[in-house]
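Heads up: the structure comes next, in C-alpha coordinates.
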Amino acid sequence: MVVAGIDVGAKSLMVAIDKDGNPSQPQSFANTPQGHQQLLKDLREAKVKRVVLEATGTYHLDLAITLDEAQELEVMVVNPRASKRYAEARMSRTKTDAVDAVLLCGFARHMPFEPWRCPPEHVLALRACSRLLASLGQQRTQVKNRLHAFMQSRSTPEFILKEIRQGIEQVETQIRRLETQTLALIEARPALATVYARLLSVKGIGTKSAIQLMGELLVLPDDMAAKQWVAMAGLDPREHRSGSSVEKKARITKAGNKYLRMALYMPALAATRHEPHVRAYYRHLIEERGLKKRLFPKWSG
(Lines give C-alpha, C1' and ligand atoms only; values in the text may rest on other atoms or scores of the structure.)
Protein backbone atom coordinates (compact mmCIF):
# COMPACT_ATOMS: atom_id res chain seq x y z
CA MET A 1 0.00 0.00 0.00
CA VAL A 2 1.25 3.47 -0.90
CA VAL A 3 1.03 5.95 1.99
CA ALA A 4 1.87 9.62 2.45
CA GLY A 5 2.90 11.76 5.40
CA ILE A 6 2.23 15.49 5.45
CA ASP A 7 3.87 17.95 7.82
CA VAL A 8 1.57 20.97 8.01
CA GLY A 9 2.82 24.51 8.47
CA ALA A 10 1.05 27.86 8.38
CA LYS A 11 2.22 28.60 4.84
CA SER A 12 3.56 25.33 3.42
CA LEU A 13 3.05 21.58 3.39
CA MET A 14 5.95 19.12 3.35
CA VAL A 15 4.87 15.83 1.76
CA ALA A 16 6.63 12.46 1.62
CA ILE A 17 5.24 9.42 -0.24
CA ASP A 18 6.15 5.90 0.87
CA LYS A 19 6.07 3.03 -1.64
CA ASP A 20 6.83 -0.38 -0.11
CA GLY A 21 8.76 1.14 2.79
CA ASN A 22 10.87 3.47 0.64
CA PRO A 23 9.93 7.11 1.33
CA SER A 24 10.40 9.57 -1.51
CA GLN A 25 12.26 12.85 -1.30
CA PRO A 26 9.82 15.21 0.48
CA GLN A 27 8.24 17.93 -1.64
CA SER A 28 6.80 21.27 -0.59
CA PHE A 29 3.36 22.63 -1.50
CA ALA A 30 1.69 25.90 -0.60
CA ASN A 31 -0.89 25.62 2.17
CA THR A 32 -3.52 27.29 0.00
CA PRO A 33 -6.56 26.00 -1.93
CA GLN A 34 -4.46 25.91 -5.11
CA GLY A 35 -1.66 24.10 -3.31
CA HIS A 36 -4.14 21.57 -1.92
CA GLN A 37 -5.41 20.77 -5.40
CA GLN A 38 -1.88 20.34 -6.76
CA LEU A 39 -1.05 18.05 -3.85
CA LEU A 40 -4.20 16.02 -4.41
CA LYS A 41 -3.27 15.60 -8.07
CA ASP A 42 0.22 14.31 -7.15
CA LEU A 43 -1.21 11.91 -4.57
CA ARG A 44 -3.58 10.48 -7.15
CA GLU A 45 -0.80 10.05 -9.69
CA ALA A 46 1.27 8.19 -7.07
CA LYS A 47 -1.78 6.02 -6.25
CA VAL A 48 -1.63 6.92 -2.56
CA LYS A 49 -4.30 5.19 -0.46
CA ARG A 50 -3.62 6.50 3.04
CA VAL A 51 -2.54 9.93 4.22
CA VAL A 52 -1.44 10.92 7.72
CA LEU A 53 -1.10 14.54 8.78
CA GLU A 54 -0.53 16.12 12.16
CA ALA A 55 -3.14 18.32 13.81
CA THR A 56 -1.68 21.83 13.69
CA GLY A 57 -4.12 24.33 15.16
CA THR A 58 -6.48 25.28 12.34
CA TYR A 59 -3.85 25.09 9.58
CA HIS A 60 -4.53 21.43 8.79
CA LEU A 61 -8.33 21.66 8.67
CA ASP A 62 -8.92 22.83 5.07
CA LEU A 63 -6.38 20.31 3.78
CA ALA A 64 -8.02 17.48 5.73
CA ILE A 65 -11.42 18.43 4.28
CA THR A 66 -10.03 18.53 0.73
CA LEU A 67 -8.40 15.12 1.10
CA ASP A 68 -11.50 13.64 2.75
CA GLU A 69 -13.66 14.81 -0.16
CA ALA A 70 -11.42 12.75 -2.47
CA GLN A 71 -13.14 9.47 -1.66
CA GLU A 72 -10.27 7.30 -2.92
CA LEU A 73 -8.07 8.50 -0.02
CA GLU A 74 -8.17 7.51 3.64
CA VAL A 75 -7.15 10.37 5.93
CA MET A 76 -5.90 10.27 9.51
CA VAL A 77 -5.31 13.39 11.60
CA VAL A 78 -2.88 12.36 14.32
CA ASN A 79 -2.43 13.90 17.75
CA PRO A 80 0.91 15.80 17.78
CA ARG A 81 1.89 14.07 21.02
CA ALA A 82 1.41 10.65 19.38
CA SER A 83 3.62 11.57 16.43
CA LYS A 84 6.23 13.01 18.81
CA ARG A 85 6.33 9.78 20.82
CA TYR A 86 6.62 7.79 17.57
CA ALA A 87 9.61 9.92 16.53
CA GLU A 88 11.22 9.31 19.93
CA ALA A 89 10.64 5.56 19.58
CA ARG A 90 12.37 5.67 16.20
CA MET A 91 15.35 7.45 17.88
CA SER A 92 14.99 10.41 15.54
CA ARG A 93 17.53 13.08 16.46
CA THR A 94 16.66 15.64 13.81
CA LYS A 95 13.64 17.93 13.76
CA THR A 96 12.85 19.38 10.31
CA ASP A 97 9.71 19.52 8.19
CA ALA A 98 11.14 16.96 5.76
CA VAL A 99 12.12 14.54 8.53
CA ASP A 100 8.68 14.92 10.13
CA ALA A 101 6.96 14.14 6.82
CA VAL A 102 8.99 10.93 6.45
CA LEU A 103 8.22 9.95 10.05
CA LEU A 104 4.52 10.44 9.41
CA CYS A 105 4.86 8.02 6.50
CA GLY A 106 6.21 5.46 8.95
CA PHE A 107 3.36 6.27 11.33
CA ALA A 108 0.86 5.61 8.54
CA ARG A 109 2.48 2.27 7.72
CA HIS A 110 3.18 0.86 11.17
CA MET A 111 0.70 2.37 13.63
CA PRO A 112 -3.06 1.65 13.99
CA PHE A 113 -4.90 3.72 11.39
CA GLU A 114 -7.99 5.64 12.54
CA PRO A 115 -9.78 7.38 9.65
CA TRP A 116 -10.70 11.02 10.21
CA ARG A 117 -14.36 11.92 9.88
CA CYS A 118 -15.16 15.35 8.53
CA PRO A 119 -17.72 17.14 10.76
CA PRO A 120 -20.64 19.04 9.16
CA GLU A 121 -19.92 22.58 8.01
CA HIS A 122 -22.16 24.22 10.62
CA VAL A 123 -20.38 22.29 13.39
CA LEU A 124 -16.99 23.50 12.16
CA ALA A 125 -18.38 27.05 12.09
CA LEU A 126 -19.55 26.64 15.68
CA ARG A 127 -16.11 25.42 16.76
CA ALA A 128 -14.48 28.44 15.11
CA CYS A 129 -16.83 30.70 17.10
CA SER A 130 -16.18 28.88 20.37
CA ARG A 131 -12.41 29.01 19.98
CA LEU A 132 -12.44 32.70 19.13
CA LEU A 133 -14.58 33.32 22.21
CA ALA A 134 -12.06 31.39 24.31
CA SER A 135 -9.21 33.43 22.84
CA LEU A 136 -11.02 36.71 23.48
CA GLY A 137 -11.74 35.64 27.04
CA GLN A 138 -8.03 35.00 27.64
CA GLN A 139 -7.20 38.35 26.05
CA ARG A 140 -9.66 40.14 28.35
CA THR A 141 -8.08 38.49 31.39
CA GLN A 142 -4.60 39.57 30.28
CA VAL A 143 -5.69 43.19 29.79
CA LYS A 144 -7.45 43.24 33.17
CA ASN A 145 -4.31 41.90 34.82
CA ARG A 146 -2.33 44.63 33.09
CA LEU A 147 -4.74 47.24 34.42
CA HIS A 148 -4.40 45.85 37.93
CA ALA A 149 -0.59 45.98 37.70
CA PHE A 150 -0.53 49.60 36.49
CA MET A 151 -3.00 50.68 39.16
CA GLN A 152 -0.58 49.56 41.87
CA SER A 153 1.79 52.42 41.02
CA ARG A 154 0.98 56.04 41.82
CA SER A 155 3.28 57.11 38.99
CA THR A 156 1.02 55.66 36.29
CA PRO A 157 -0.56 58.50 34.28
CA GLU A 158 -4.34 58.56 34.15
CA PHE A 159 -4.34 58.43 30.34
CA ILE A 160 -2.59 55.04 30.50
CA LEU A 161 -5.34 53.66 32.71
CA LYS A 162 -7.92 55.15 30.36
CA GLU A 163 -6.33 53.43 27.35
CA ILE A 164 -6.31 50.07 29.12
CA ARG A 165 -9.94 50.44 30.22
CA GLN A 166 -10.91 51.25 26.64
CA GLY A 167 -9.10 48.11 25.51
CA ILE A 168 -11.11 46.05 28.00
CA GLU A 169 -14.35 47.59 26.77
CA GLN A 170 -13.44 46.83 23.15
CA VAL A 171 -12.75 43.18 23.92
CA GLU A 172 -15.96 42.87 25.93
CA THR A 173 -17.92 44.41 23.03
CA GLN A 174 -16.38 41.84 20.67
CA ILE A 175 -17.32 39.03 23.05
CA ARG A 176 -20.93 40.20 23.37
CA ARG A 177 -21.28 40.59 19.59
CA LEU A 178 -19.75 37.19 18.88
CA GLU A 179 -21.93 35.49 21.51
CA THR A 180 -25.04 36.97 19.87
CA GLN A 181 -23.97 35.76 16.43
CA THR A 182 -23.07 32.31 17.78
CA LEU A 183 -26.43 31.94 19.53
CA ALA A 184 -28.15 32.88 16.25
CA LEU A 185 -26.17 30.12 14.53
CA ILE A 186 -27.29 27.64 17.19
CA GLU A 187 -30.94 28.68 17.09
CA ALA A 188 -31.01 28.30 13.30
CA ARG A 189 -30.35 24.56 13.69
CA PRO A 190 -32.90 22.61 15.79
CA ALA A 191 -30.36 19.85 16.55
CA LEU A 192 -27.88 22.41 17.89
CA ALA A 193 -30.60 24.20 19.85
CA THR A 194 -31.55 20.91 21.54
CA VAL A 195 -27.97 20.20 22.61
CA TYR A 196 -27.60 23.78 23.84
CA ALA A 197 -30.76 23.53 25.96
CA ARG A 198 -29.60 20.25 27.50
CA LEU A 199 -26.24 21.71 28.44
CA LEU A 200 -27.87 24.72 30.08
CA SER A 201 -29.96 22.36 32.20
CA VAL A 202 -26.75 21.15 33.91
CA LYS A 203 -25.87 23.07 37.08
CA GLY A 204 -22.80 25.22 36.60
CA ILE A 205 -23.01 25.46 32.79
CA GLY A 206 -23.90 28.86 31.37
CA THR A 207 -23.95 30.38 27.91
CA LYS A 208 -20.18 30.67 27.45
CA SER A 209 -19.44 27.18 28.76
CA ALA A 210 -22.23 25.63 26.67
CA ILE A 211 -20.93 27.23 23.48
CA GLN A 212 -17.35 26.13 24.19
CA LEU A 213 -18.43 22.56 25.02
CA MET A 214 -20.55 22.29 21.88
CA GLY A 215 -17.71 23.61 19.73
CA GLU A 216 -15.37 20.88 20.95
CA LEU A 217 -17.72 17.94 21.50
CA LEU A 218 -19.85 18.06 18.35
CA VAL A 219 -16.84 17.55 16.07
CA LEU A 220 -16.23 14.15 17.67
CA PRO A 221 -17.71 10.90 16.27
CA ASP A 222 -21.07 9.89 17.70
CA ASP A 223 -19.97 6.31 18.39
CA MET A 224 -17.23 7.17 20.87
CA ALA A 225 -17.37 5.34 24.21
CA ALA A 226 -17.37 7.18 27.53
CA LYS A 227 -13.71 6.32 28.18
CA GLN A 228 -12.77 7.72 24.79
CA TRP A 229 -14.56 10.99 25.57
CA VAL A 230 -12.65 11.26 28.84
CA ALA A 231 -9.34 10.53 27.09
CA MET A 232 -10.16 13.07 24.40
CA ALA A 233 -10.39 15.72 27.10
CA GLY A 234 -7.10 14.58 28.64
CA LEU A 235 -8.90 13.80 31.90
CA ASP A 236 -8.02 10.11 32.00
CA PRO A 237 -5.83 9.10 34.97
CA ARG A 238 -2.20 8.11 34.46
CA GLU A 239 -0.68 5.73 36.95
CA HIS A 240 3.00 5.97 37.83
CA ARG A 241 4.04 2.70 39.41
CA SER A 242 7.20 0.66 39.01
CA GLY A 243 8.45 -2.25 41.07
CA SER A 244 7.98 -2.04 44.82
CA SER A 245 9.49 1.39 45.49
CA VAL A 246 7.90 3.74 42.96
CA GLU A 247 4.21 4.47 43.42
CA LYS A 248 3.03 8.01 42.81
CA LYS A 249 -0.52 9.29 42.98
CA ALA A 250 -2.44 9.08 39.73
CA ARG A 251 -2.89 12.35 37.85
CA ILE A 252 -4.76 13.29 34.72
CA THR A 253 -2.74 12.92 31.52
CA LYS A 254 -3.66 16.28 29.94
CA ALA A 255 -2.95 14.53 26.63
CA GLY A 256 -6.21 15.61 25.03
CA ASN A 257 -8.07 18.69 23.88
CA LYS A 258 -7.00 21.69 25.98
CA TYR A 259 -10.01 23.73 24.81
CA LEU A 260 -12.32 21.07 26.18
CA ARG A 261 -10.57 21.10 29.57
CA MET A 262 -10.79 24.89 29.63
CA ALA A 263 -14.51 24.73 28.90
CA LEU A 264 -15.07 22.21 31.71
CA TYR A 265 -13.01 23.99 34.37
CA MET A 266 -15.40 26.75 35.42
CA PRO A 267 -18.54 24.52 35.43
CA ALA A 268 -16.63 21.97 37.53
CA LEU A 269 -15.50 24.68 39.94
CA ALA A 270 -19.06 26.00 40.23
CA ALA A 271 -20.34 22.47 40.89
CA THR A 272 -17.89 22.04 43.79
CA ARG A 273 -19.38 25.17 45.36
CA HIS A 274 -23.09 24.80 44.67
CA GLU A 275 -23.96 21.19 43.74
CA PRO A 276 -24.35 19.20 47.02
CA HIS A 277 -23.17 15.80 45.73
CA VAL A 278 -20.17 17.16 43.83
CA ARG A 279 -19.35 19.44 46.76
CA ALA A 280 -19.35 16.50 49.19
CA TYR A 281 -17.18 14.37 46.92
CA TYR A 282 -14.72 17.19 46.31
CA ARG A 283 -14.46 17.88 50.03
CA HIS A 284 -13.72 14.18 50.56
CA LEU A 285 -10.88 14.39 48.04
CA ILE A 286 -9.46 17.50 49.69
CA GLU A 287 -9.49 15.89 53.13
CA GLU A 288 -8.03 12.67 51.76
CA ARG A 289 -5.08 14.55 50.27
CA GLY A 290 -4.52 16.47 53.48
CA LEU A 291 -4.65 19.97 52.02
CA LYS A 292 -4.82 22.82 54.51
CA LYS A 293 -8.27 24.10 55.34
CA ARG A 294 -7.14 27.65 54.86
CA LEU A 295 -7.34 27.03 51.11
CA PHE A 296 -11.06 26.34 51.52
CA PRO A 297 -12.29 28.57 54.37
CA LYS A 298 -15.94 27.95 53.55
CA TRP A 299 -15.45 24.31 54.50
CA SER A 300 -13.47 24.91 57.66
CA GLY A 301 -16.54 24.35 59.81
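Some observations on this one:
- Applying the criteria of a DSSP loop state and at most 11 other Cβ atoms within 10 Å to the trypsin sites (Lys or Arg not before Pro) of the range 95-155 yields LYS95, ARG154.
- ARG50 accessible area, 1.4 Å probe, all protein chains in place, Å² to nearest 10: 60 Å²
- Alpha-carbon centroid distance for the pair the range 104-123 / the range 126-170, whole angstrom: 39 Å
- Residue of ALA188, ALA263, ALA108 that the Gaussian network model of the chain assigns the largest fluctuation, springs spanning Cα pairs under 10 Å: ALA188
- Helix axis angle, 97-110 relative to the chain longest principal axis, alpha carbon, degrees: 80 degrees
- Spatial offset of the range 70-96 relative to the range 173-189 amounts to 36 Å, using the alpha carbon center of each.
- The overall shape of the range 132-256 is oblate: from the C-alpha gyration tensor, with semi-axes ordered a ≥ b ≥ c, the ratio a/c is 1.5 or greater and a/b is no larger than b/c.
- Å² of accessible area per residue within the range 1-61, as computed with a 1.4 Å probe and no ligands counted: 52 Å²
- Sorting CYS129, CYS105, CYS118 on solvent-accessible area from highest to lowest, probe radius 1.4 Å, gives CYS118, CYS129, CYS105.
- Of MET111, MET76, MET266, MET14, the order by accessible heavy-atom surface (1.4 Å probe, DNA, RNA and ligands excluded), from most exposed downward, is MET266, MET111, MET14, MET76.
- Cα long-axis angle, helix 33-45 against the chain (0 to 90 degrees, to the nearest 10): 40 degrees
- Solvent-accessible surface ranking, highest first, for MET151, MET232 at 1.4 angstrom: MET151, MET232
- Each residue was assigned an accessible area with a 1.4 Å probe, and for PHE150 the value is about 80 Å².
- Seen against the Cα atoms of the chain and their longest principal axis, helix 258-274 is set at about 20 degrees.
- For the range 218-279, the calculated P(r) over all alpha carbon pairs, in 5 Å bins from 0 to the bin holding the longest distance, is 4, 15, 17, 19, 19, 14, 8, 4, 1 percent.
- Of the solvent-accessible surface of the chain, computed with a 1.4 Å probe and all protein chains present, 53% belongs to carbon and sulfur.
- Rounded to the nearest 10 Å², the accessible area of HIS148 at probe 1.4 Å: 120 Å²
- Cα gyration tensor shape of the range 70-173, rounded if a/c is under 1.5, else prolate or oblate by comparing a/b with b/c: oblate
- Overall form of the range 1-116 per C-alpha gyration tensor (a/c, 1.5; a/b vs b/c): rounded
- In the full protein context, the range 178-239 carries 59 Å² of accessible surface per residue, based on a 1.4 Å probe and ignoring ligands, DNA and RNA.
- Between HIS148 and LYS84, full extension at 0.36 nm per residue minus the direct alpha carbon distance yields a gain of 19.1 nm.
- Over 23 Å between alpha carbons, listed pairs LYS227/LYS258; LYS47/LYS84; LYS95/LYS249: LYS47/LYS84; LYS95/LYS249
- In percent, rounded to a whole number, the relative contact order of the chain is 13, using alpha-carbon pairs under 8 Å and six or more apart.
- By the rule of a C-alpha distance below 25 Å, with chain neighbours fewer than 8 residues away ignored, the lysines paired with LYS162 are LYS144.
- Where the range 111-157 is the region considered: accessible area per residue in Å², 1.4 Å probe: 66 Å²
The values are calculated or read from the model by the stated rules, or taken from the named source; none is laboratory data. What you are looking at is a predicted structure, and each value in this text was computed from that prediction instead of being measured. Backbone-built Cβ (ideal geometry, glycine too); neighbour counts: all protein chains shown. SASA here: full protein model, heavy atoms, side chains in, ligands and nucleic acids out. Shrake-Rupley method; radii C 1.70, N 1.55, O 1.52, S 1.80 Å.
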